[in-house]
Amino acid sequence: MRIELELKTENFKVIPYNHQYYLASAIYDKIRSVNPTYADRLHNFQNFKFFTFSLLQVKKRVIRPEGIETIDGKAYLYVSSPNSEFIENFVEGLLEDGKLRVGSIEFLINKAKILSLPKKFDILKTISPIYLKTMLETEEGLKTYDLLPNNSKFYENLKNNLKKKYELFYNEKCDADFEFEILKYRPKRMKLKEGVYCRCSEMVFKVWGDYDLIKFGYECGFGEKNSMGFGMVVNIEDKNLKNKKLKTKI
């Protein structure tokens, strides 16, 4: 299930580029306000949390060195999960006061609606970047290495990660499969919080294969750190992209 929120702020503040941590905190705060037991269980769960969210989508904007300024005070947020318990608690929390605080910015919730799932998937575009990592042996021991699409391990890990999440969520073996082809990508360096950075990828990619498995990725996110705002995609229909392989940008 996927929710679209139209947000409005009256003070027209600049939204910092790295605002995923603030959004994650806001989502947990909404859930905790109505169901603290579930919020704590979700937060403390060491494995996948099975939800994701977009970066704030600002249509009318001015790009500033310090962030994005909203011209009309509006921004859009998308939150998605295959877990109905998560969605129900989050929506109930939103209805309590109709507000969402993102860092120092207080948004009013103008509109909220549930979006229907696509009937088919063809070309997907990230609205929050995809993050994947691997462990490499070095002279100093095992170290974490962030993966980009210029590394073949990226492709293997993206598929394996989604299948593992599927198996844990449904508690059954995943025999389904899917394939994907990256049409274009742009590497990003995101700051999660003070001193914590990661390299990730904004992407447009073509998918085919098992509908239910791809739908699961659409709902809970592709790649890792979904609950920190990574891996959310939209399904796009763009005639200029179809059947045309674009050059990757490294």
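Being over 18 Å from the mean Cα position of the chain (by Cα) and either modelled with pLDDT under 95 or not hydroxyl-bearing (Ser, Thr, Tyr) (or both) is the filter here; which residues of the stretch 161-179 pass it?
Glu167, Leu168, Asn171, Glu172, Lys173, Cys174, Asp175, Ala176, Asp177, Phe178, Glu179
Within the stretch 14-34, is even one residue outside any loop (DSSP other than H, G, I, E, B), open to solvent by 30 Å² or more (accessible area, probe 1.4 Å) and farther than 24 Å from Lys113 by Cα?
yes
Can you name the number of the only condition in (1) open to solvent by less than 20 Å² (accessible area, probe 1.4 Å); (2) of a type in the set (S, T, N, Q); (3) over 22 Å from Ser54 (Cα atoms) that Ser201 fails?
It is condition (3) that Ser201 fails.
Please verify whether Lys120 is open to solvent by less than 80 Å² (accessible area, probe 1.4 Å) and basic (Lys, Arg), treating the condition exactly as stated.
Answer is no for this residue.
Of all the strands (runs of 3 or more DSSP E) wholly in the stretch 83-192, which have at least 1 residues that are in contact with a Gly (Cβ under 6 Å, 6 or more places away or on another chain)?
105-115
Which of the residues belonging to the stretch 41-82 are part of a loop (DSSP other than H, G, I, E, B) and closer than 30 Å to Leu213 by Cβ?
Phe45, Gln46, Asn47, Phe48, Lys49, Phe50, Phe51, Ser54, Leu55, Leu56, Ser81, Pro82
Taking the condition touching a Lys or Arg at 6+ places or on another chain (Cβ under 9 Å), assigned to a helix (DSSP H, G or I), surrounded by 15 or more Cβ atoms within 10 Å (Cβ to Cβ) and charged (D, E, K, R), does Glu219 pass?
yes
The values are calculated or read from the model by the stated rules, or taken from the named source; none is laboratory data. Fair warning: this is a prediction, and the values are worked out from it, not measured in the lab. Neighbour counts run over all protein chains shown; Cβ positions are idealised from the backbone, glycine included. Calculation scope for accessible area: heavy atoms of the full protein, side chains included, ligands and nucleic acids excluded. Shrake-Rupley method; radii C 1.70, N 1.55, O 1.52, S 1.80 Å.
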